[in-house]
Amino acid sequence: MSDATGKPGADILHEVIEAYQGALLSQSTGVSSPISNQPGTVYSQAHAAATLQSGVVTQQVISTCGMPMPALSKGNYQFPIGRAEWSVVNKVGKQVIIQKY
């Protein structure tokens with residue numbers, strides 16, 4: 001992602017600082033944070049306290065029959081997921097896939 005947006009290292013820096021901020025938040029309460037989509041998570045606070053990511057990540061989920069699928073809510077889908085792709089717009093305005101599942 002950092003290479004695609006022309007900001008090498010920006011995203012690993014974001015991840016390291018985000019993890020550090022999450023650890024500080026959990027340490028201050030004495031309670032470990034659950035994963036990012038669970039009640040009681042400190043993810044949103046840690047993410048906001050970190051340096052900015054190099055770009056905006058977009059997710060596209062494709063059904064098993066090849067049709068794009070919008071999320072119903074919080075990542076829940078009506079049909080079986082065939083694949084998912086995450087992309088970012090690069091420094092010249094072209095969409096670049098950075099991860100596939």
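The values are calculated or read from the model by the stated rules, or taken from the named source; none is laboratory data. None of the values given here were measured: they were computed from a predicted structure. Don't worry about glycine lacking a Cβ; one is built from the backbone with ideal geometry, like all the others, and counts go over all protein chains shown.
Things to note:
- Among residues of the range 38-75, those that are of a type in the set (Gly, Ala, Ser) and either part of a loop (DSSP other than H, G, I, E, B) or touching a residue at least 40 places away in the same chain (Cβ under 8 Å) (or both), counted: 7
- Matching option when the condition is over 17 Å from LYS100 (Cα atoms), in a loop (DSSP other than H, G, I, E, B), among the aliphatic types (A, V, I, L, M) and in contact with a Ser or Thr (Cβ under 7 Å, 6 or more places away or on another chain), among ILE17, ILE35: ILE35
- In the range 43-61, residue surrounded by the fewest Cβ atoms within 10 Å (Cβ to Cβ) [restricted to those that are touching a His at 6+ places or on another chain (Cβ under 6 Å) and among the polar types (S, T, N, Q)]: THR51
- Residue list for the range 18-32, filter: modelled with pLDDT of 95 or more and surrounded by 11 or more Cβ atoms within 10 Å (Cβ to Cβ): GLU18, ALA19, TYR20, GLN21, GLY22, ALA23, LEU24, LEU25, SER26
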